[in-house]
Amino acid sequence: MAVDRERVLKEAAALLTRRASTPMDEIARAAGISRATLHRHFAGRDALIRALEEHGIAQFVQAMDAARLEEGDAAEALRRLIAEAEPVAAVLAFLFTENQLFENGEINAGWAELDARISALFRRGQEEGDFRIDLSAAWLTEAFYGLIGAGAYAVHEGRVARNDLTHSIVELLLGGIRRSMEK
């Protein structure tokens, strides 16, 4: 029986996001495989977490590419990014909370690329005069990750409808970072 690696990683992220101590057998059950099969594909918890990190970074790079961050104004690019990130929100939620588990140069380089691209988008919005300048691009990047993660958790728990997630994140984030023209 072939194992759907992406499904295993998605289920693992969903469980580990809510409870970092989720046992491997519970992860295997959620993925529809045995614990032995899980261990054949991921030689232990550390290997599974590293695979999640690499997979999540790759998925988010694809989402950023699909969002065309360089096109249009920064607010519209941010809207596209949030919409493109929604399908990988569970993995992003896991990554946001667990990204410092391993000091691996390759993984850290992946995070640095993500951070640089998102920060550049926020800086562009600030330079265009659309986003507040009293909040650093680094802080806005962290807030973005936090909202994506919180949104994934809220959808999983049934507190937010999946169809409302993108709108909710966009409105909250842009409502907080938009520069007010009133003095």
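The values are calculated or read from the model by the stated rules, or taken from the named source; none is laboratory data. The structure displayed is predicted, hence computed values, not measured ones. When we count neighbours, we look across all protein chains shown, and the Cβ atoms used for this are built from the backbone with ideal geometry, even at glycine.
For Leu81, the conditions (1) of a type in the set (A, V, I, L, M); (2) crowded, with 21+ Cβ neighbours inside 10 Å; (3) more than 17 Å from Phe94 (Cα to Cα); (4) without any contact (Cβ under 8 Å) to a residue 24 or more places away in the chain all hold with the exception of (4). Residue count for the range 130-145, restricted to those that are surrounded by fewer than 14 Cβ atoms within 10 Å (Cβ to Cβ) and either part of a helix (DSSP H, G or I) or touching a residue at least 24 places away in the same chain (Cβ under 8 Å) (or both): 3. Scan the range 15-30 for residues that are at pLDDT 90 or above and surrounded by 14 or more Cβ atoms within 10 Å (Cβ to Cβ) and the total you get is 6.
Selection over the range 77-96 of residues that are of a type in the set (Val, Ile, Thr) and within 21 Å of Arg19 (Cα to Cα) gives a count of 2.
Being surrounded by 18 or more Cβ atoms within 10 Å (Cβ to Cβ), modelled with pLDDT under 90 and either within 26 Å of Ala14 (Cβ to Cβ) or of a type in the set (Asp, Glu) (or both) is the requirement here; does Ile57 meet it? Judged against the criteria, Ile57 is a match. In the range 1-16, which residues are among the aliphatic types (A, V, I, L, M) and either in contact with a Cys (Cβ under 6 Å, 6 or more places away or on another chain) or over 16 Å from His156 (Cα atoms) (or both)? Once the filter is applied, which keeps residues that are among the aliphatic types (A, V, I, L, M) and either in contact with a Cys (Cβ under 6 Å, 6 or more places away or on another chain) or over 16 Å from His156 (Cα atoms) (or both), the range 1-16 yields Met1, Ala2, Val3, Val8.
Of all the residues in the range 106-129, those that are closer than 19 Å to Ala58 by Cα and not in a helix (DSSP H, G or I) number 0.
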